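Below is one structure; the comments refer to it alone.
The values are calculated or read from the model by the stated rules, or taken from the named source; none is laboratory data. Please read all numbers here as calculations on a predicted model, not as lab measurements. Every residue, glycine as well, gets a Cβ built from its backbone with ideal geometry; the counts of neighbours run over all protein chains shown. Calculation scope for accessible area: heavy atoms of the full protein, side chains included, ligands and nucleic acids excluded. Shrake-Rupley method; radii C 1.70, N 1.55, O 1.52, S 1.80 Å.
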Amino acid sequence: DAVRAVIVGWSFAWAPGSARYVPMAHSGLADPPNLPAQEVFARLGPILSDPSIPKIAHDLKFTAIAAGREGVEVRGGEFDTMVGSYLIDATRSSHAIDGLAIERANYRALTEQDVVGKGVKAVTLDAVPPASLANFAGERADVPLTIAPALEEELGREGLEAVYRELEQPLIPV
């Protein structure tokens, strides 16, 4: 729930294979150490708010709400892979990024369960050391960049590009 979620860390990528993770709210001794959210968003805020810098993500609405809670307005949302996937196949049972990674990039991304465990042994994301969470979080930034071009191309082939650009994309922040 983006409205109540605690931002444990922020991952971002500027090109496929370039993801980085910034830890912000890991419990216990974090290695690398947590950075204050205020400092992180003071530095990332201008980039996230700049509409001339295109943003590609999976679930841009969640990203916008989470950043908005830190006083940052995300602008320049170029493509949302979750919305694109939904338009291509609305009957699909899930549009989760790990499933799309397998289908669209032939890549098995880590699942949250891979990182936090399952059942009674499961922990919350903040209890996972930053170094152990970095790959999982990095994939959440990297996979959308990797699969977005193919999704956009398929939207075009299916005649859905205008539906995405004129109907769905403007509604993402709503």
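What the table shows:
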read-out	value
Scope segment 108-123; condition surrounded by 12 or more Cβ atoms within 10 Å (Cβ to Cβ), within 17 Å of the chain's Cα centre (by Cα) and assigned to a loop (DSSP other than H, G, I, E, B); matching residues	109, 110, 111
Lone unmet requirement of (1) open to solvent by 30 Å² or more (accessible area, probe 1.4 Å); (2) modelled with pLDDT under 95 for residue 46	(2)
Residue in segment 149-159 that is of a type in the set (A, V, I, L, M), loosely packed, with under 14 Cβ neighbours inside 10 Å and more than 17 Å from residue 11 (Cα to Cα) present	no
Subset of segment 79-107 that is touching a Leu at 6+ places or on another chain (Cβ under 8 Å) and not in a helix (DSSP H, G or I) - its residue that is surrounded by the most Cβ atoms within 10 Å (Cβ to Cβ)	80
Top-ranked residue of segment 160-174 - restricted to ones that are surrounded by 12 or more Cβ atoms within 10 Å (Cβ to Cβ) and within 20 Å of the chain's Cα centre (by Cα), ranked as modelled with the lowest pLDDT	173
Filter result for residue 57 (touching a residue at least 24 places away in the same chain (Cβ under 8 Å) and open to solvent by less than 70 Å² (accessible area, probe 1.4 Å))	yes
Count - residues of segment 9-29 that are assigned to a loop (DSSP other than H, G, I, E, B), under 19 Å from residue 126 (Cα atoms) and of a type in the set (Gly, Ala, Ser)	3
